[in-house]
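Structure record follows, encoded as structure tokens.
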């Protein structure tokens, strides 16, 4: 960091008129960060004696004070500005996250309450009905997904491929080809049904004849409940369910995808798994009969046993 | 002493008054703060060096803020965005750093 004129550094303290301007602005800046004007003024004072007295001294003092007050004001304004700018964003975000979590918790609570009540209803109904009717009803509920079932079956695990990480920026590449899509889950579920599965759940969400598996934004919703990778598709069915499923087109496709994109695809037998009941479909058009009627469908033209509406 | 009191008074006025910055002036605020910091640290250092001068202080502050604002404005108009103000921040930042180092040497003899 040597300048062209080492014996004569650009220090205006010495001689105000013969100042040497360093050729390198940054070198000068690093060496002498103080505004040269101060040194100039000091040199002038030394030449012409002390600072001007009289009325000007208090005035300059006052102007300095005003300037400093303006600087303080500026700091506060900038601080408030920065403070008001940032937190409003993060506060809104945090508030939304809290709301989501609250709603999710209350949904869980309501669902477990509904499950308990449904079990109560089933028990009371079984007590009211005779044995064969109750058994038939339970069988139908198990088949339609409205009752908890357990048995032996298989678990098909699908997982997103690990997203590619950019070596330079360290950011994850969002557009990955190895993501599991809603179509994939649909294909697997359909292949399992075709292979003889009697009950299927995806990550604990029981599928019924009206279940939906679809994408909303970046997430996959099964019956409007978000599920995330890895996806465990659990199915209860005959002993050769796994073997039959392994021979389907969907299984072949996923083996190929797993080899090509690094997605996870595992098929394993699972003994004595329990699948939860699906959410009972909402009745939209059918209404429970209010009057005491001798037969269940005698005076009620609207079928009350089939869930209508199709949506859910 | 008066200077410190004036600074505190300015902060107090800002807290009490709660002024809002017009939208048009908001881009200049960060740069103005950096320029003000440079002026303040330069003044403190000059004070410690024994060469403080009221007139120089006021002029350096005003000119710093004006030049910084001008550069930001120019950058905006030329469409180079924040790159010109990066230059301002670098230059003023180097000066602040050097002056703070000098103040440190004055106060702690190290």
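Derivation of every value follows stated rules applied to the coordinates shown; laboratory data play no part. Keep in mind the model is a prediction, meaning the values are calculated, not measured. Note that we place each Cβ from the backbone using ideal geometry, even for glycine, and neighbour counts take in every protein chain shown.
Annotations for the structure displayed:
- Helix B:83-108 axis, angle to chain B major axis (alpha carbon atoms, nearest 10°): 10
- Averaging 1/r across all pairs of distinct Cα atoms in the stretch A:68-161 and inverting the result yields a Kirkwood radius of 19.5 Å.
- Value at 222 nm in deg cm²/dmol, rounded to 500, when DSSP H runs of n ≥ 4 in chain B each add -39,500 (n - 2.57): -28000 deg cm²/dmol
- C-alpha center-to-center spacing [the stretch A:41-120, the stretch A:247-264] in angstrom: 54
- The stretch A:187-210 and the stretch B:3-54 have Cα centres lying 69 Å from one another.
- Angle between chain B longest axis and helix B:2-17 axis [Cα atoms, degrees, rounded to 10]: 40
- Label-point separation in nm, residue B:86 to residue A:270, each point 7 Å along Cα→Cβ: 5.3
- Residues listed by number, the stretch A:71-94, amide nitrogen under 16 Å from residue B:18 label point at 7 Å toward C-beta: A:76-85, A:88
- Rounded tilt (10° steps) of B:54-78 against the dominant C-alpha axis of chain B: 20
- Expressed as a fraction of 2.2 N^0.38 Å, the value expected for a compact globular protein of N residues, the C-alpha radius of gyration of chain B is 1.19.
- The stretch A:117-259 pair-distance distribution - Cα-Cα, 5 Å bins, rounded %: 2, 9, 16, 18, 16, 13, 9, 7, 5, 3, 2, 1, 1, 0, 0
- Rh by Kirkwood over Cα pairs, then Stokes-Einstein D for the stretch A:202-272 at 1.567 mPa s and 4 °C, µm²/s: 94
- Dividing the radius of gyration of the alpha carbons in the stretch B:30-79 by their Kirkwood radius gives 1.12 for Rg/Rh.
- Inter-label distance, residue A:282 to residue A:130: 3.8 nm, where each label sits 7 Å from its Cα along the C-beta direction.
- GNM result for chain B, Cα springs below 10 Å: residue of B:65, B:13, B:34 fluctuating most strongly: B:13
- Report note on the peptides A:61-67, B:37-43: ranked by the mean count of other C-beta atoms within 10 Å, highest first, their order is B:37-43, A:61-67.
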